[in-house]
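The values are calculated or read from the model by the stated rules, or taken from the named source; none is laboratory data. This is a predicted model, so every value here is computed, not measured. Cβ sites come from the backbone with ideal geometry, for glycine too, and all protein chains shown count toward neighbours. We work out accessible area using only protein heavy atoms, side chains counted, and drop any ligands, DNA or RNA first. Shrake-Rupley method; radii C 1.70, N 1.55, O 1.52, S 1.80 Å.
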Amino acid sequence: MRIGFFTDTYFPQVSGVATSIKTLKEELEKKGHEVYIFTTTDPDAEDFEKDIVRMPSVPFVSFKDRRIVVRGMWFAYQIAKELELELIHTHTEFGAGLLGKMVGSRLKIPVVHTYHTMYEDYLHYIANGKVVRPTHVKHFIRMFINRSTGVVCPSQRVVNTLRRYEVEIPMRIIPTGIEIGEFIRPDITDQMLKDLRSKLGITDDQLMILSLSRISYEKNIQVIVQQFPKVLERLPNVRLVIVGKGPHREALEELVEELGLQEFIQFTGEIPHDQVAVYYRSADYFVSASTSETQGLTYAEAIASGTQCVVEGNDYLEALLDDERLGVTFEKDEDFSESLINYVSKGFILDDTLKERKLTEISAQKFGDEIIDFYQQMLEYYQNNHQKSSLSQRRPVEKVRVKIASLKNSVDK
């Protein structure tokens, strides 16, 4: 099968979405499929990239480290036609996603979408949430997704959200898999782990607590920092390492200083990709209070590295951490400190049998198998429903044209 991925974020940009797309592309190619990436230009991208088509783009408003496609419809269509794509998979609701829909419509092939981002959690970035409201998100997402053939939902939370938005097309829950080989690495020695902890100033008798994510407000890292004094009252040997970069780092550093926690909490900034597994393996526990996740790759990465989790729960995490030896979830922000203290005191051991079972569940191989199965279903579904779909999509376009004409007439008057 020849598949076109349309996305506004891809490497060298680093994000959970970019990582999941790269993982899926590699897994599909292992299974003999051809995957082409249609994405944004990037000043850090290489001059030649195999199977990657870059279209003119600009930095996205309020997210300057992200870009959005601004033109290239005819260019993308001509290339997609020449490649004889059989299916398009969109990974954004904006520039490249809209482009993917138009190309799919012209080529008369199915368009599958993955809903990666819970936009209601990010409205504060746009004029402090005073312009774009949740109801606006609902109407836009419903319109965008209902004009796809089917939608991949990384978790039950996404399904519940899309049902609330009145999305009516076929949905399927497919948790995003990870390339577990990147975290089960024989080359990582005990000495490497010891060296890293020493570099961080963490002694053998201290517990290393790891937070690893984009440092943004919705990741809720401030909750962990705010409750860390309570943790230290009961576990004075605990040290928190915050890995990542993002717009909220400065505010978090000010909070750490305000609470007098500089001795116990440190920021590393962004780390090289090949060091991520070393940090996971060096840590005693991985923690997160984020409530904005749809797929939670970092949780799966921690488990693959053999690091237990203490994290704020949702349906995805309840299923992922289905054995206390893997980790524990807590319900509310204020429960973090007590949950961590209690979990540490129980001293659970993560054994190899349990880890192997979980690795199979979160593997890129299973992810790829389920995506291919869904593609096959959507190809059949599209063939059976194409005529009906074409008619339903033509009417809204005609309405829009009428509205534009009416608006123009009123302006002319």
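Give region 273-284 a look and list any residue that's open to solvent by 20 Å² or more (accessible area, probe 1.4 Å) and in contact with a strand residue (DSSP E or B) (Cβ under 6 Å, 6 or more places away or on another chain), or say none.
D284 - this is the single residue of region 273-284 that is open to solvent by 20 Å² or more (accessible area, probe 1.4 Å) and in contact with a strand residue (DSSP E or B) (Cβ under 6 Å, 6 or more places away or on another chain).
Search region 303-319 for residues being closer than 25 Å to C153 by Cβ, open to solvent by less than 10 Å² (accessible area, probe 1.4 Å) and free of Cβ contacts under 8 Å to residues at least 60 places away in the same chain, and hand back the single one that is nearest to the chain's Cα centre (by Cα).
Step by step, filter region 303-319, then rank; the result is L317.
For every residue, the table says whether it meets (1) crowded, with 17+ Cβ neighbours inside 10 Å; (2) charged (D, E, K, R); (3) modelled with pLDDT of 90 or more.
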site	(1), (2), (3)
T7	yes, no, yes
V17	yes, no, yes
K31	no, yes, yes
V58	no, no, no
K64	no, yes, no
W74	no, no, yes
L87	yes, no, yes
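Looking at region 256-272, which of the residues that are within 20 Å of the chain's Cα centre (by Cα) and in contact (Cβ under 8 Å) with a residue 24 or more places away in the chain is surrounded by the most Cβ atoms within 10 Å (Cβ to Cβ)?
Step by step, filter region 256-272, then rank; the result is I271.
Between a residue in region 91-111 that is under 19 Å from R71 (Cβ atoms) and any residue that is among the hydroxyl-bearing types (S, T, Y) and open to solvent by 20 Å² or more (accessible area, probe 1.4 Å), which pairs come within a Cβ distance under 6 Å, given they are 6 or more apart or on different chains?
V103/Y77; R106/Y77
Cβ-Cβ distance below 7 Å, separation of 6 or more or different chains: which pairs start in region 46-73 with a residue that is within 15 Å of M102 (Cβ to Cβ) and small (G, A, S) and end on one that is in a loop (DSSP other than H, G, I, E, B) and modelled with pLDDT of 85 or more?
G72/P56
Please tell me if I3 is touching a residue at least 40 places away in the same chain (Cβ under 8 Å) and closer than 27 Å to E301 by Cβ.
The answer is yes for I3.
Pick out the one residue from T19, T40 that is among the β-branched types (V, I, T) and either under 22 Å from L297 (Cα atoms) or more than 23 Å from the chain's Cα centre (by Cα) (or both).
So the residue among T19, T40 that is among the β-branched types (V, I, T) and either under 22 Å from L297 (Cα atoms) or more than 23 Å from the chain's Cα centre (by Cα) (or both) is T19.
Only one of these conditions is not met by K366: (1) within 21 Å of L210 (Cβ to Cβ); (2) of a type in the set (K, R); (3) assigned to a helix (DSSP H, G or I). Which number is it?
Checking K366 against (1) within 21 Å of L210 (Cβ to Cβ); (2) of a type in the set (K, R); (3) assigned to a helix (DSSP H, G or I), the one that fails is (1).
Given the conditions (1) surrounded by 22 or more Cβ atoms within 10 Å (Cβ to Cβ); (2) touching a strand residue (DSSP E or B) at 6+ places or on another chain (Cβ under 6 Å); (3) closer than 30 Å to F367 by Cα; (4) not acidic (D, E), which single one is not true for K245?
K245 satisfies all of (1) surrounded by 22 or more Cβ atoms within 10 Å (Cβ to Cβ); (2) touching a strand residue (DSSP E or B) at 6+ places or on another chain (Cβ under 6 Å); (3) closer than 30 Å to F367 by Cα; (4) not acidic (D, E) except (1).
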